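Contents: one structure, followed by commentary.
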Amino acid sequence: MSTQQNAPTPAPSADPAKPARLALVAGVNALEGAALVAGGIYMLVMGLLGRPDSPRQAEMGGLTVIALGLIPLVAARGLLLRRSWSRGPALITQIIALPVVWTLLRSHDLLIPAGIVLAALALTALYQLVRPATIEALGIRRPGSATGPDA
């Protein structure tokens, strides 16, 4: 018997659409996270250099927004690395974006187009995160699936 017959066969290539879906959702989360971090830095700088009514409140608000911006950034990295835990923070980020969308759409002038863009991003990401193919790509087992040692 030759050694070629004993060599393991390579696994079939993964569906190329799965990484594309995850990359799309990761990109949306990274964009939202970067926007939050930039807004938090702006608030922090204006709290330090500007003339806010309450400098402490402006500084704490800026630090809070920066910390909140790190959540979707970490989720984006997890999605790109196909970590199953990253789906939760990504879903929460998109759900929290929906009230922000509502507020932006009810405002005036330039905030309405921003609300439309954010709505499109959040709804696209939500749709992709709940699709069975995405869940499977992240290696999340569905309830009732018999894949454990007790099955």
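The values are calculated or read from the model by the stated rules, or taken from the named source; none is laboratory data. Quick caveat: nothing in here was measured; it's all calculated off a predicted structure. As a convention, Cβ positions derive from the backbone with ideal geometry for all residues, glycine included, and neighbour counts pool all protein chains shown.
So which residues in the range 31-45 are surrounded by fewer than 18 Cβ atoms within 10 Å (Cβ to Cβ) and either under 17 Å from Ile96 (Cα atoms) or modelled with pLDDT under 90 (or both), if there are any at all?
Leu31, Ala34, Ala35, Gly39
Here is a list: Arg51, Arg56, Arg83. Which entry is within 30 Å of Gly139 (Cα to Cα), modelled with pLDDT under 95 and either surrounded by 15 or more Cβ atoms within 10 Å (Cβ to Cβ) or of a type in the set (D, E, K, R) (or both)?
Arg83
Could you go through the range 44-51 and let me know if any residue there is small (Gly, Ala, Ser) and in a loop (DSSP other than H, G, I, E, B).
yes
Quick grid of which residues meet (1) modelled with pLDDT under 95; (2) surrounded by 13 or more Cβ atoms within 10 Å (Cβ to Cβ); (3) among the aliphatic types (A, V, I, L, M):
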| site | (1), (2), (3) |
| --- | --- |
| Leu70 | no, yes, yes |
| Leu98 | no, yes, yes |
| Leu104 | yes, yes, yes |
| Ala114 | yes, yes, yes |
| Ala120 | no, no, yes |
| Thr134 | yes, yes, no |
| Gly139 | yes, no, no |
| Pro149 | yes, no, no |
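From the list Ala133, Ala114, Ala125, which residue is part of a helix (DSSP H, G or I) and either of a type outside the set (A, V, I, L, M, F, W, C) or closer than 16 Å to Ala30 by Cβ (or both)?
Ala125
Would you call Ala75 modelled with pLDDT of 95 or more, touching a Ser or Thr at 6+ places or on another chain (Cβ under 7 Å) and either part of a helix (DSSP H, G or I) or under 19 Å from Leu36 (Cβ atoms) (or both)?
Against the criterion (modelled with pLDDT of 95 or more, touching a Ser or Thr at 6+ places or on another chain (Cβ under 7 Å) and either part of a helix (DSSP H, G or I) or under 19 Å from Leu36 (Cβ atoms) (or both)), Ala75 qualifies.
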